[in-house]
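The values are calculated or read from the model by the stated rules, or taken from the named source; none is laboratory data. No experiment lies behind these values; they were computed from the predicted model shown. Cβ atoms come from the backbone with ideal geometry, glycine included; neighbour counts cover every protein chain shown.
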Amino acid sequence: MSDAAAAGATAVVVAATAVDSLASPLDAAAAAVAHAARLALALPAPPAVLCILSVRDLPPAGRRAATWRPLARALAALYVAAARESFAAGAPLLPVDVVLDGACGYNVWDFAAERRQVAALVVAGPHAPPALATASFLPGNTVAPVVVGAPSVPAEPASDGGGADEMHQGAFAHVAVGGTFDHMHAGHRILLTITAWLATERIVCGVVDFDPARLRRKAAFEAMEPLDQRLAAVRSFLHQVRRDVVHDVVPIHDDLGPTRDDPAIEALVGSAETAAGCAMVNKIRAEGGLSQLRLFIIDVITSSADAATTLDFSAKISSSYLRKHILDSRVGQPQ
């Protein structure tokens, strides 16, 4: 790539993956993401990994509430595949983003328009995403695709549980999510992606602004990112995964934020560890005469039982673990 073309460009290693549906086996896709992570980690200044997931049978925006569980499982499988590599290499902060082609609101294959310099391109075999043939690269950015992954053996689609949330087929115009979002990790990315998947008009994301006393109660609080940095990280990620809706990313000073009194919000996305807080939101809204929110509670990483058992990702993919890793690295202690 010429110096002029590279100016202002962001280097990425791309994993191009395609499946028939969100319930399809992901063996080849996970292998491609893992290989892309290894390639990124082998470079002197490891770039981010961008996994583009193309789904042939992609549900329309108005019917996505019924498919959030298969999507959460697919995201967990891909993020865990990359995390295995980054944790094994002692680089748990390697940025990895999964973007759904056709659901992100822009042409993710236009690397030139996105100012992305593709350092390597990994394709999940045996079938490349059809849109890959139309990809646009920056001038001078030529890259030969590496094909990895064997064809997946067909499997029975996993059960979605059949609960009330999954049976809801309609659309949610305004969907909320909240959290600390410190050192953006796979769990955060899954929560934000599911929120973006469900919303048709607006994503409301509250980012906790800690007072000094509450901050000091956090493990390894000295390594927590400043509020402005966390807000920017959330906005940047949402910009990648969904651009055709409004992003309302705001600081919050308690666990409720806008969900306390915003009558437009219709649904709330949370993790298993915040389920009680999500239920409290509905209790307080009821006391204020507001409508109840549809709750989507995601068991973020343990959706992939094998990975959670093997590497205890339920503990390692967390902001507190990453903060401790950063502090240990500063004083030269081994991980």
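Some values worked out for this structure:
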| read-out | value |
| --- | --- |
| Residue that is surrounded by the fewest Cβ atoms within 10 Å (Cβ to Cβ), among those in the stretch 113-131 that are of a type in the set (A, V, I, L, M, F, W, C) and in contact with a Pro (Cβ under 8 Å, 6 or more places away or on another chain) | Ala128 |
| From the options Glu266, Glu222, residue that is charged (D, E, K, R), touching a residue at least 60 places away in the same chain (Cβ under 8 Å) and over 28 Å from Ala61 (Cβ atoms) | Glu222 |
| Conditions (1) at pLDDT 95 or above; (2) farther than 18 Å from Ala131 by Cβ; (3) surrounded by fewer than 22 Cβ atoms within 10 Å (Cβ to Cβ); number of the one not met by Asp3 | (1) |
| From the options Leu39, Leu50, Leu43, Leu93, residue that is closer than 28 Å to Asp182 by Cβ and surrounded by 22 or more Cβ atoms within 10 Å (Cβ to Cβ) | Leu50 |
| Residue count, the stretch 55-84 (criterion: surrounded by fewer than 24 Cβ atoms within 10 Å (Cβ to Cβ) and over 18 Å from Ile194 (Cβ atoms)) | 3 |
